[in-house]
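Note sheet for the following structure.
The values are calculated or read from the model by the stated rules, or taken from the named source; none is laboratory data. These numbers were taken from a predicted model, which means no experiment stands behind them. Please note: Cβ atoms are built from the backbone with ideal geometry, for glycine as well, and neighbour counts cover all protein chains shown. Just so you know, the surface numbers come from the protein's heavy atoms only, side chains and all, with ligands and any DNA or RNA stripped out. Shrake-Rupley method; radii C 1.70, N 1.55, O 1.52, S 1.80 Å.
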Amino acid sequence: MTLSVERIRASLSDGLLSFPITDFDEKGQFNPETYKARIEWFIEHDVSAVFVAGGTGEFFSLDLAEYKQIVKIAVETVAGRVPVIASAGRSVAEAKMFVLAAEEAGCDGILLMPPFLTECPEDGIIEYASQIMQSSPIQFIYYNRGNGILGAENVKLLAANNPNLIALKDGVGNIAALNDTIKTVGDRLVYIGGVPTAEIFAEAYLSIGVNTYSSAVFNFMPEMANRFYKALREGNKAVVTSIIQDFFIPFCRLRDEKKGYAVSLIKSGASAIGRSAGEVRAPLTMPTTEQEGRLKALIDSNK
């Protein structure tokens, strides 16, 4: 049984959102046993919602059979303690299959990814998203990112046309545009920060009323991630500044050394703390030994 809409909205509005990596074995196949342990470990570290098979979870490389295992394990392991949000996307037809699988597993919502590859006009994006949202009563979060970016008035239209759209996740980082959307659409939606390494934008997000964000580094530094979020919400600028200077700025510089490292470094970080989830799948690549060494040193100095 899924949670109430009110409970889901409340969890998305306040508290740290976690996006676990997906476990693969040495042959690159999904590893259900270690994934189950990872989800349980996440829940033990005070998160308000778990987003499975998302961007950090390599949704783009999962087939439907793997996805069905992932959502089933997540729902059974979380057992109603917090909302479980899965992902969907690609073509309309594929997205509907992923949505149905998540719904049947008992997930509480769907993070709808932008369409794959092709450039999209905004009216086409609205049609794409609406066809998927209207295929199921499950609650949706629209991920405003990549080739699926909507302006303020079109976000408002998408929300008006789809009552089960409850939140917007920002993957752009344009604070002026997001502020326009928030002021235009108002509290009809919950707003979530969702740029890669969202903590680097957290102060700006909070200033316009975005209280929470997706934390990928939670995969290997949950205590620090929680400490940062608590300090942010309490207005403890000294702690926020210190963590950004000591960890997030050097981490982002390392992340920017190669495309795809927003995911690859997270898997490397998990290995560094003894919680390996295997390597990323192509087209992503793992960091070099030298880069992994720098990441390990950064983790060790910020425990």
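Please list the radius of gyration and Dmax for the stretch 99-246, considering alpha-carbon atoms only, with Å as the unit.
16.2, 47
Only sites in a loop by DSSP and with at most 10 other Cβ atoms within 10 Å count here; which GluC sites (Glu not before Pro) in the stretch 1-76 make the cut?
Values: sites: Glu6, Glu26, Glu33, Glu40, Glu44, Glu58, Glu66, Glu76; in loops: Glu26, Glu44, Glu58.
Those that pass, being in a loop and sparsely packed, are Glu26, Glu44.
Which whole-Hz couplings ³J(HN,Hα) result when phi for each residue of the stretch 59-67 is put into the Karplus expression 6.51 cos²θ - 1.76 cosθ + 1.60, θ = phi - 60°, listed in order with x for Gly and Pro?
3, 4, 10, 8, 8, 5, 5, 5, 4
Separation of the stretch 237-303 and the stretch 53-79 by C-alpha centroid, Å?
Measuring centre to centre over Cα atoms gives 23 Å.
Three principal axis extents, largest first, for the C-alpha atoms of the stretch 156-206, in Å?
That works out to 33, 18, 15 Å along the principal axes.
Please compute the length gained on full extension between Thr184 and Glu257, using 0.36 nm multiplied by the number of residues separating them and subtracting their Cα-Cα distance.
Values: separation 73, 0.36 × 73 = 26.28 nm, distance 3.67 nm.
This chain segment gains 22.6 nm when fully extended.
Given the options Ala53, Ala79, Ala93, which has the most mean-square fluctuation in a GNM of the chain, springs set between C-alpha atoms less than 10 angstrom apart?
Maximum fluctuation in the GNM of the chain, among the listed residues, is at Ala93.
Give the cross-link partners of Lys237 among the aspartates and glutamates, using a straight C-alpha distance below 16 Å as the criterion and excluding same-chain residues fewer than 8 apart.
Glu199, Glu203, Asp246
With a sphere of radius 9 Å drawn around the Cβ of Ser136, what net charge do the other residues whose Cβ falls strictly inside it have (Lys, Arg +1; Asp, Glu -1)?
Counting the neighbours of Ser136, the net charge comes to 0.
So what are the stretch 1-80's ellipsoid semi-axes, whole angstrom, largest first, if each one is the square root of 5 times an eigenvalue of the alpha-carbon gyration tensor?
Working: eigenvalues 105, 32, 28 Å².
Values for the stretch 1-80, descending: 23, 13, 12 Å.
How compact is the stretch 170-303 by the rule of thumb for globular proteins, expressed as Cα Rg over 2.2 N^0.38 Å?
Values: Rg = 15.7 Å, N = 134, 2.2 N^0.38 = 14.1 Å.
Rounded to two decimals, the normalised Rg is 1.11.
So how long is each side of the chain along the principal axes, counting just the alpha-carbon atoms, biggest first, in Å?
Principal extents (Cα only, largest first): 49, 43, 37 Å.
So how far apart, in nm, are the two label points at Lys303 and Ala152 if each is 7 Å from Cα heading toward Cβ?
With each label point 7 Å from Cα toward Cβ, the separation is 4.8 nm.
Starting from the alpha-carbon convex hull of the stretch 89-179, give the projected area averaged over all orientations, in nm². Provide the component values of the computation, followed by the final result.
Details: hull surface 21.7 nm².
The number I arrive at for the stretch 89-179 is 5.4 nm².
For the stretch 220-227, what does the Karplus curve 6.51 cos²θ - 1.76 cosθ + 1.60, with θ = phi - 60°, yield as ³J(HN,Hα) per residue in whole Hz, taken in order and with x for Gly and Pro?
Using θ = phi - 60°, the values come out as 9, 9, x, 5, 5, 4, 5, 5 Hz.
Set the bar at 18 Å for Cα to Cα. Now go through Lys36/Lys68; Lys36/Lys267; Lys169/Lys303 and name every pair that lies beyond it. If you can, show how the numbers build up before the last one.
Working: Lys36/Lys68 14 Å; Lys36/Lys267 16 Å; Lys169/Lys303 29 Å.
Violating the 18 Å Cα-Cα cut-off are Lys169/Lys303.
For the stretch 1-147, state what percent of all Cα-Cα pairs lands in each successive 5 Å bin, counting from 0 Å until the bin that includes the largest distance.
2, 10, 21, 23, 20, 14, 7, 3, 0
With unit charges on the beta carbons (Lys and Arg positive, Asp and Glu negative) and the dipole taken about the Cα centre of the stretch 98-242, which residue among Ala238, Gln131, Phe98 sits farthest to the positive side?
Ala238
How much accessible area per residue does the chain have, counting only protein heavy atoms and a probe of 1.4 Å, in square angstrom? Kindly include the intermediate steps, with their values, before the conclusion.
Values: 12690 Å² over 303 residues.
Normalised by residue count, the accessible surface of the chain is 42 Å².
For Ile249 and Thr285, FRET efficiency with R0 = 22 Å and r from the beta-carbon atoms, rounded to 0.05? Before the final figure, lay out each step's value.
Values: r = 23 Å, r/R0 = 1.07.
Efficiency at R0 = 22 Å is approximately 0.40.
Out of the total accessible area of the chain (probe 1.4 Å, heavy atoms of protein only), what percent is carbon and sulfur? Could you put the intermediate results ahead of the total?
Values: 6760 of 12690 Å².
Using a 1.4 Å probe with all protein chains present, the chain comes out at 53 percent carbon and sulfur.
Given 0.36 nm per residue, what is the gain on full extension from Ala176 to Glu33 after removing their alpha carbon distance, in nm? Walk me through the numbers on the way to the answer.
Values: separation 143, 0.36 × 143 = 51.48 nm, distance 4.36 nm.
The span from Ala176 to Glu33 would gain 47.1 nm if fully extended.
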